[in-house]
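The values are calculated or read from the model by the stated rules, or taken from the named source; none is laboratory data. As the structure is a prediction and not an experimental result, all values here were calculated from the model. Cβ atoms come from the backbone with ideal geometry, glycine included; neighbour counts cover every protein chain shown. Please note that ligands, DNA and RNA were not included when accessible areas were found on the heavy atoms of the full protein model with its side chains. Shrake-Rupley method; radii C 1.70, N 1.55, O 1.52, S 1.80 Å.
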Amino acid sequence: MRALCHIDTIQEGASKGFELDGVHLFVVRHQGQVYAYRNQCPHLGIQLEWQDDQFLDADGCLIQCAMHGALFLIDNGECISGPCTGQSLKTIKCEVKAGEINIEWPLATN
Ligand code: FES
């Protein structure tokens with residue numbers, strides 16, 4: 001595991017992007033849980049965000065790809081709308097320990 005940031009760095013209902021050793025990923029805090037995914041849309045393999053740290057739709061209920069509008073469930077990364085419906089973002093295991101968000105590292109090559 002590797003420490004990413006303090007939990008307070010990301011507000012409840014918000015998201016934040018990171019780059020670690022050239023790997024792009026992002027974290028979402030949603031309904032008291034923390035989720036981490038690789039920042040890579042399953043449609044074209046590009047990064048999802050349209051502005052720094054903006055990975056969610058207008059309601060903050062779904063993860064959104066800025067390129068073609070694919071929508072993903074926050075809690076498991078499944079695409080439920082858009083050109084990659086049925087595919088999923090790559091999950092990164094994470095946990096909060098002593099106020100720090102930790103992610104699996106190195107990442108599994110899934
Ligand atoms: S690249 Fe994400 S929806 Fe097309």
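Quotient of the Cα radius of gyration of the chain and 2.2 N^0.38 Å, N being its number of residues: 0.98. Taking θ as phi - 60° and the Karplus parameters 6.51, -1.76 and 1.60, the scalar couplings of segment 16-22 work out to 8, x, 9, 10, 10, 6, x Hz in sequence order, x denoting glycine and proline. In whole percent, and with a 1.4 Å probe on the protein chains, what portion of the accessible area of the chain is carbon and sulfur? Carbon-and-sulfur percentage of accessible area, whole number: 46.
Calculated on the alpha-carbon coordinates, the convex hull of segment 33-86 measures out at 77 cubic angstrom per residue. In this simple spin-label model, placing a label point 7 Å from the Cα along the Cα-to-Cβ direction at both residue 46 and residue 61 gives a separation of 2.7 nm. Karplus-based coupling profile of segment 78-85, in residue order and whole Hz: 6, 7, 10, 7, x, x, 10, 3, with θ = phi - 60° in 6.51 cos²θ - 1.76 cosθ + 1.60 and x standing for Gly or Pro. In straight-distance terms, cross-link reach from residue 97 covers every one of the aspartates and glutamates whose alpha-carbon lies under 20 Å from its own, apart from those fewer than eight places away in the same chain; here that gives 8, 12, 75. In a fully extended conformation the segment linking residue 8 and residue 108 would gain 33.4 nm over its present Cα-Cα distance, using 0.36 nm per residue. Segment 1-32 and segment 55-110 have Cα centres lying 11 Å from one another. In the context of the full set of protein chains, residues of the chain present 54 Å² of accessible surface per residue (probe radius 1.4 Å, heavy atoms only).
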